[in-house]
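Since the structure comes first, as structure tokens, the remarks are kept for the end.
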Amino acid sequence: MHNHFNENHQLERVEIHVTNHCNLNCLACAHFSNISQEYNIKIEDFEKDISTLVKKVNYKILNILGGEPLLHPNIDILCEKAREICPDKIITLNTNGILLPNMKKSFWQSLKKNNILIRLSIYPYTIKQGRKLIELIIKNDIKIYGLWDGRKFYLRKSKYYQDNIENIWENCDAKICNQIYKGKLYICPTSAYGLLYNKYFNKNFYFEDGIDIYNHSSSEIYDFLFKASKNCATCSSNGRLINWQLSKFNVDEWDV
Ligand code: SF4
Ligand code: SF4
């Protein structure tokens, strides 16, 4: 049940990492998944976070992703739970598709039964299989919500902290990619997963800057999401596109 405040605020989408790690290794991964240790969300934590989220925040789309979400051993159950908790939302599953041909029947059945739509990212690494993957999804009677063209990647990390973070935030299109991660909401992937970068490279560059959804009201959560994060100081106002390539795990790969 949404309160009045919620009716006037709708987030475009909230994304939830069910894994942090990935089976692809893209240079400048915006979720820092190529440098993440293995992490699979526990089913009960997934349920708890989504149930609290749905009571406090009004959003249109729940996007299940990672890392690579198909690496989660219980992805079929997570899809089932997501639909139980969010009967009226659009629910999408964002995958690079590599594991789709290996998925069990129970996975496809869960997607179909729970009306989960697939967002397929196609990178140069997988482009040859692209058509087959799309055919496989259609054959299993699953709708495709969108195809994401992974030929280009956007670099946004600044080498040094920037001033004028309100301006950087205002002009940033990632500010609507809100993330729920371990009980907290974050404005964007940079803010949510920057700590994975800190850990891997032994730095203190990114800040912890999420809002605990259990201990804050709806209006406090919206106030937090509709203004710049401390992490906006880590982003350049002159981001640029590069061609997709494999990472060599260098610390400067994310830099504009
Ligand atoms: S496939 Fe996606 S999550 Fe995985 S490394 Fe590439 S950009 Fe990151
Ligand atoms: S930290 Fe701020 S500027 Fe950087 S991607 Fe997130 S919302 Fe955009």
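So the values come out like this:
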| item | result |
| --- | --- |
| Residue satisfying condition, being among the charged types (D, E, K, R), at pLDDT 95 or above and buried (at least 18 other Cβ atoms within 10 Å of the Cβ), within set Asp49, Asp45 | Asp49 |
| Test: Asn74 is crowded, with 20+ Cβ neighbours inside 10 Å, modelled with pLDDT of 95 or more and not β-branched (Val, Ile, Thr) | no |
| Residue check for Asn94: in contact (Cβ under 8 Å) with a residue 60 or more places away in the chain, under 20 Å from His21 (Cα atoms) and in contact with a strand residue (DSSP E or B) (Cβ under 7 Å, 6 or more places away or on another chain) | yes |
| Restricting segment 133-156 to residues that are in a loop (DSSP other than H, G, I, E, B) and within 15 Å of ligand 1 (Cβ to nearest atom), the residue that is surrounded by the most Cβ atoms within 10 Å (Cβ to Cβ) | Gly150 |
| Matching option when the condition is charged (D, E, K, R), in contact with a strand residue (DSSP E or B) (Cβ under 7 Å, 6 or more places away or on another chain) and farther than 20 Å from Lys42 by Cβ, among Lys113, Lys89 | Lys89 |
| Qualifying residue in segment 199-210 (condition: within 14 Å of ligand 1 (Cβ to nearest atom) and surrounded by fewer than 18 Cβ atoms within 10 Å (Cβ to Cβ)) | yes |
| Matching residues, segment 97-114, being touching a helix residue (DSSP H, G or I) at 6+ places or on another chain (Cβ under 6 Å) and either small (Gly, Ala, Ser) or free of Cβ contacts under 8 Å to residues at least 24 places away in the same chain (or both) | Gly97, Ser106, Ser110 |
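The values are calculated or read from the model by the stated rules, or taken from the named source; none is laboratory data. In this text, all values refer to a predicted model and were calculated from it rather than measured experimentally. Positions of Cβ are backbone-derived with ideal geometry, glycine not excepted, and every protein chain shown enters the neighbour counts.
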